[in-house]
Amino acid sequence: PLAALAQQWPVRAIKVVSPFPAGSASDTVSRVVLDQASRLLGQPVVIEVRPGAGGIVGFAAVAKSEPDGYTLVTSSSSMATEAALHRRLGYDPLSDFIPVVLIGTSPNLLIASRDSGFKTVADLVAAAKAKPGALTFASAGIGSSSHMAAERLRLAAKIDVRHIPFREGGLTEVMAGRIDFYFIPMAAAASALHNDKLSLLAVSSPNRMSLLPDVPSIAEAGYPNAVFRFWNGLSAPAKTPRSIVDKLHDVTQEALNDPALREKLAKLGVEPKQMSIDQFGEFFREDFAEMLQLAKEAHIEPTD
């Protein structure tokens, strides 16, 4: 039956589950791309926000869905960190999904309160070494990209700083001077770019971004081992027919080649990537292993 359905796919609306809250970096980027993909497919693509337990609720629901191409999930780097944070997920990130298409990668923007006096990454590191354990950094939660990017810098610079997670991220806390620094995802950083209460210290990428040509990369600042790039993609339940996966991949890649769409993504700090399905699968497995290793080195323990 699935083979017969695959020949006709899609004949109705496609549901894409977003395991994270509306407005999150993953949700924002996915909406921009799926709107264009929907036009090319000739069927509505409906995003269903289903947050909970750091993404587990949404991922588990899709893992158990019928593999018919009508239920997909917005996948991301967070799939690995959830595996590090929970002993039992209710699904296997590697075997219960097919990585369909990589949308793109994006760095985080390292910001500090203007009152801190930090103008460079060197200033921040020097202050952290002068008073071990005194500086604080915000995140959108344990295992989030903002957390993991900061852990990369902490380990690379060998500094002792304290992590303060916030449900909605830490931008307002940094602006108020109550938190010293924050690696805010680029897709959520628009309000930080021209704010006189903040200093932009670096982007967590190997090179500068065209969006922020005056902001150095973290590698340029002297910490190549602190490079951190968040990725977004689409995944389907395991056993989804390959013909459906192929079509979804090809249509999304076609959408990503549209100049207007690429411009929208650039404004979100996202660099589209061209990868085959097999290459994306390999990319996912390598990133998964790297993120688990980072969690181990940062001594991030399971929360349950």
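The values are calculated or read from the model by the stated rules, or taken from the named source; none is laboratory data. Worth saying up front: this structure is predicted, and the values here are computed from it rather than measured. Virtual Cβ from ideal backbone geometry, glycine too; neighbours counted across all protein chains shown. Only protein heavy atoms, including side chains, enter the accessible area calculation; ligands, DNA and RNA are left aside. Shrake-Rupley method; radii C 1.70, N 1.55, O 1.52, S 1.80 Å.
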Checklist entry - For the range 273-282, what are the residues that are open to solvent by 20 Å² or more (accessible area, probe 1.4 Å) and either over 19 Å from ALA238 (Cα atoms) or touching a strand residue (DSSP E or B) at 6+ places or on another chain (Cβ under 6 Å) (or both)? => result LYS273, GLN274, MET275
Item to check | Output for the range 244-258, where each listed residue is farther than 14 Å from SER276 by Cα and surrounded by fewer than 19 Cβ atoms within 10 Å (Cβ to Cβ) | outcome: ASN257, ASP258
Next on the checklist: Name the single residue that is nearest to VAL203 (Cα to Cα) among those in the range 105-121 being surrounded by 14 or more Cβ atoms within 10 Å (Cβ to Cβ) and among the small types (Gly, Ala, Ser).
Outcome noted: SER106
Checklist entry - Of the residues LEU153, LEU171, LEU212, LEU201, which is surrounded by 18 or more Cβ atoms within 10 Å (Cβ to Cβ) and more than 23 Å from SER26 (Cβ to Cβ)? => result LEU201
Checklist outcome for this item: A careful count of residues in the range 247-258 that are in contact with a helix residue (DSSP H, G or I) (Cβ under 7 Å, 6 or more places away or on another chain) and among the acidic types (Asp, Glu) gives 2
